1. Scanning for something more than 16 Å from A:Ser257 (Cα to Cα) and surrounded by 14 or more Cβ atoms within 10 Å (Cβ to Cβ), does segment A:76-93 turn up at least one residue?
2. Identify the single condition in (1) in contact with a Phe, Trp or Tyr (Cβ under 9 Å, 6 or more places away or on another chain); (2) surrounded by fewer than 19 Cβ atoms within 10 Å (Cβ to Cβ) that B:Gln266 does not satisfy, given that it satisfies every other one.
3. Condition check: closer than 23 Å to B:Ala218 by Cα, within 11 Å of chain A (Cβ to nearest Cβ) and assigned to a helix (DSSP H, G or I). Does B:Arg134 satisfy that?
4. Within segment B:63-85, can you find the residues that are buried (at least 20 other Cβ atoms within 10 Å of the Cβ), over 14 Å from B:Thr188 (Cα atoms) and more than 9 Å from chain A (Cβ to nearest Cβ)?
5. Quick check, is B:Glu7 surrounded by 18 or more Cβ atoms within 10 Å (Cβ to Cβ), without any contact (Cβ under 8 Å) to a residue 60 or more places away in the chain and more than 15 Å from ligand 1 (Cβ to nearest atom)?
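Rule-based calculations on the coordinates, nothing more; no lab input. Since the structure is predicted, the reported quantities are computational estimates derived from the model, not experimental observations. Note that each Cβ is placed from the backbone with ideal geometry, even for glycine, and that neighbours are counted across all protein chains shown.
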Amino acid sequence: MTSVPTKNVASSAEQGAILFRRRRRNRILGLTLPGSMWLLIFFALPMFFVLRTSFNSFADAQIIQDFTFDNFKLVFSEYLYAKVLLKSLLTGLVVTVICLVLGYPVAHFIARKARGNREILFLGLIIPFWTSLVVRTYAWKILLGTNGVLNYHLMDFGIIDAPLKMLFTTSAVIIGLVHIFLPFMILPLYASIENLDTSLEEAAQDMGATRIQTFMKVVVPLTMPGIATGCMLTFLMTVNSFLTPNILGGPSDAMISNVIQSEFFGTFNWPFGSALSIVFLLFALGFVFVYNQVFDLDSEEDK
Amino acid sequence: MTDIDVELLNITKSWGDFTAVKNVSFKVKKGEFCSLLGPSGCGKTTIMRMISGFETPTEGIVRIAGEDMSGKKPFQRPTNLVFQHHALFPHLTVAENIAFGLKIKKQPREEIQKRVNRMLELVQLPELGDRTIRQLSGGQRQRIAIARALVNEPAVLLLDEPLSALDLKLREQMQLELKRIQHEIGTTFVFVTHDQKEAITMSDVIAVINEGVIEQMASPSDIYERPATEFVAGFIGETNLFKGKIKKGSGTSASLMCDGEEIHVQLDEKLPEGTSIGVSIRPEKIIWGAVADEATNAYEATVRETIYQGNVVHYRVVTANGLELGVDITNNGGHQVAAVGETVNIGWPIERGVPVMVRVT
Ligand SMILES: Nc1ncnc2c1ncn2[C@@H]1O[C@H](COP(=O)(O)OP(=O)(O)OP(=O)(O)O)[C@@H](O)[C@H]1O
Ligand SMILES: [Mg+2]
């Protein structure tokens, strides 16, 4: 007999808990609604149209409502597109490695050595973002052009006789991309190094490790999350870049985005452009997925 | 070979206008357990960092095992440091942490394995080699940090408040553990602490530091029984400190006036009349009751406060002229606890009061 009222009490408490949970869930839903709507309207819907269009066909400069895999077949059968994809990935890799090598010492310096002027150095990192990407990229055009600043001075000093061809080369594209994406490498690296307890580095040295050994065996492994994040950001943004290869590169420097753009607005072949976009998106997703698995980015950080 | 493992010669360390360590000199013998004791910010860590090579002295010389360490980097010194917050590497296992220094020195693999296991046994955690640092308790982490330092067989092990993050119970246990380890391996230990009790129970020799200056360096019993300065007397244990100027003296026995009472004291050496001096008398060294009358310093006093603490009874009493003292009486069954307002006789033989140097302001 006594067990009956106890059970009632328990169940009413349970009901309370359920009610509470439901209310909480409603509130969370309410809070995420604007963001979700935004994503739905400006991301999911366009994505859906791109996906739909990629199955249409294109003839006589007309899009025909259709359902065909021809566009995808073309993406994989035409050697040119694989080449562009490969070129984009390679550029991404080169730019990422250069940014890592240039960025790590800077991040380390800001985090460890710069006591009083850390703010100024940060400002230096951020200020370029106040200028449009287009302007910054055109600046390189002025610097590297055949009649540009660099060639002028090199000839002025008599180092070279004829202007060097620097603009519209792969090197120009890489220089421009490194310049633009370096801060995206430095910031996560900085956060990671700043988080690293200095006494860990000192402990390594105390046990006989030189500066380089300390760096390789302690600093690098423990700042891996920053390295991984910085590399991923830089790599993805480089591979996606459109403007820099367009302005600083020659015809053979076109990257994925440039090809997609020319399909959409050059030949107006939207179905094929869409198919290219979809394939590339899947590539990027696959990359992020594998990368996350390897570097375990989503897991809780050790401490 | 010398039998001095650590020697500091006129070490000074300044940052800009601020001087953290002022003209410090001391020696630690081989195999000794030396504590640096002092309040927060007195320069203990700075001294340790100069011994281990992380800071360069502004002036002075550090010698380790007889060798001048000037210009030597931390990784070139025969010292190892146990950090305040263990500083174990979170990306390595316990065994890998201990093996770190040996791997750097390219020891053969079997040798590393053997020494790591020996260290794990020394700190009594033989099962934990494969754990990560996160899977250890606070006390276990400190033990592994000690093992990681000792495996390198340093001439001197430096420990910067290694126990301060632990709770009292674990701390006391680790104090015994550290003593045992030091006894077993015989390495010279320099141990930083701001806990006077910890320093007294563990050390062979204690250097009491205040504002970057060594106030006194002596054995724990000397530090407690014969404090040299006002600061040492006050920092280690409880004491009554009476300050005044030397009034008159015949040989080394002198007296001074403090709060209207005359206090007799036995000096170590004769001092001129008018010298400022302090007399320290520990509360538990004061005699209570009628027998006190026969002591050199004898006073009639009124009980102002009685604090019953179980094993001891702590009194605050004040003499007729207004001299206030703390007195601890062991509650040994023979003692009749006095109530507030009662008049009692107190006193102490002249040799129990210790003359101490005072800061003249
Ligand atoms: N790099 C530095 N630059 C300037 N001042 C410093 C530096 N390191 C320490 N100090 C100062 O030197 C003084 C002594 O510091 P130290 O760390 O040696 O104290 P401590 O005795 O170890 O104190 P605690 O018990 O709190 O650890 C402090 O006043 C501190 O502010
Ligand atoms: Mg300290």
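1. Yes, that holds for at least one residue.
2. (1)
3. Numbers: closer than 23 Å to B:Ala218 by Cα: no; within 11 Å of chain A (Cβ to nearest Cβ): yes; assigned to a helix (DSSP H, G or I): yes.
Answer is no for this residue.
4. Hit for segment B:63-85 is B:Met69, nothing else.
5. yes
Rundown of residues vs (1) away from ligand 1 (no atom under 16 Å from the Cβ); (2) hydrophobic (A, V, I, L, M, F, W, C), yes/no style:
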position	(1), (2)
B:Val151	yes, yes
B:Ala165	no, yes
B:Gln182	yes, no
B:Thr188	yes, no
